[in-house]
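Novice: Here you go, one structure.
The values are calculated or read from the model by the stated rules, or taken from the named source; none is laboratory data. Note that this is a predicted model, so its numbers are computed, not measured. Reconstructed Cβ throughout: ideal geometry from the backbone, glycine too, with neighbour counts over all protein chains shown. Accessible surface areas use protein heavy atoms only, side chains included; no ligands, DNA or RNA. Shrake-Rupley method; radii C 1.70, N 1.55, O 1.52, S 1.80 Å.
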Amino acid sequence: EPLGKRLADCLRAGDRLLAAATNDPLDTIADGMRSRALGERPFDILKDVVAPDAVLTVDDDAILSSMTTLFADFKICVEPSGATALAAVQATHPDDFARATGGAQTVAAIVCGGNLDVGPILRQAYAR
């Protein structure tokens, strides 16, 4: 999840609206994940299958990096929210990733969406 979303805190507290104490949207490039409040249905599912310690957070630079990798290496264009899972795989220290995944040997990162502004991606790609 984008840095500041606070899913882990919500899971620990059992309260999907805990992170929505402010009405201000989250300041992230992942525009599809800017709402601080978690949806009722997704939260009901997540609280039963995701441990708070399994939640990984990433900053905008990590998200942009994963989008750039997907586009440059695989010719796949995804929106920031859809690249967040891959950003967590790429940016998380291996020890932290192993802890979060329970030491799983196989991990899938689902990427999706084409609703994006290519400007930030191009700026990062040319900065490399």
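Novice: For residue 60, which of the numbered conditions (1) closer than 30 Å to residue 126 by Cβ; (2) open to solvent by 60 Å² or more (accessible area, probe 1.4 Å); (3) in contact (Cβ under 8 Å) with a residue 40 or more places away in the chain fails to hold?
Specialist: It fails just one condition, (2).
Novice: Quick one: which helices (runs of 4 or more DSSP H) lie wholly within the stretch 44-128 and hold at least 2 residues that are within 22 Å of residue 32 (Cβ to Cβ)?
Specialist: Hits in the stretch 44-128: 60-74, 80-91, 118-127.
Novice: Please give the number of the condition residue 41 fails out of (1) farther than 19 Å from residue 4 by Cα; (2) assigned to a loop (DSSP other than H, G, I, E, B).
Specialist: Residue 41 satisfies all of (1) farther than 19 Å from residue 4 by Cα; (2) assigned to a loop (DSSP other than H, G, I, E, B) except (2).
Novice: Which one of the conditions (1) farther than 14 Å from residue 29 by Cα; (2) of a type outside the set (Phe, Trp, Tyr); (3) in contact with a helix residue (DSSP H, G or I) (Cβ under 7 Å, 6 or more places away or on another chain) does residue 87 fail to meet, given that it meets all the rest?
Specialist: So the condition that residue 87 fails would be (1).
Novice: Go over the candidates 109, 83 one by one and state the one that is surrounded by fewer than 16 Cβ atoms within 10 Å (Cβ to Cβ), small (Gly, Ala, Ser) and within 29 Å of residue 9 (Cβ to Cβ).
Specialist: None of the others qualify; the one that does is 109.
Novice: Here's a check for you: in the stretch 17-56, which residue that is under 29 Å from residue 117 (Cβ atoms) and among the charged types (D, E, K, R) is most open to solvent (accessible area, probe 1.4 Å)?
Specialist: Ranking the candidates gives 41 first.
Novice: Identify all residues within the stretch 61-94 that are of a type in the set (D, E, K, R) and either over 21 Å from residue 7 (Cβ atoms) or in contact with a Cys (Cβ under 7 Å, 6 or more places away or on another chain) (or both); write none if there are none.
Specialist: Passing the criteria: 73, 75.
Novice: Against the condition touching a helix residue (DSSP H, G or I) at 6+ places or on another chain (Cβ under 8 Å) and not small (Gly, Ala, Ser), how does residue 99 come out, does it pass?
Specialist: Spelling it out, residue 99 is indeed touching a helix residue (DSSP H, G or I) at 6+ places or on another chain (Cβ under 8 Å) and not small (Gly, Ala, Ser).
Novice: Can residue 44 be described as charged (D, E, K, R) and either closer than 21 Å to residue 16 by Cα or more than 11 Å from the chain's Cα centre (by Cα) (or both)?
Specialist: yes
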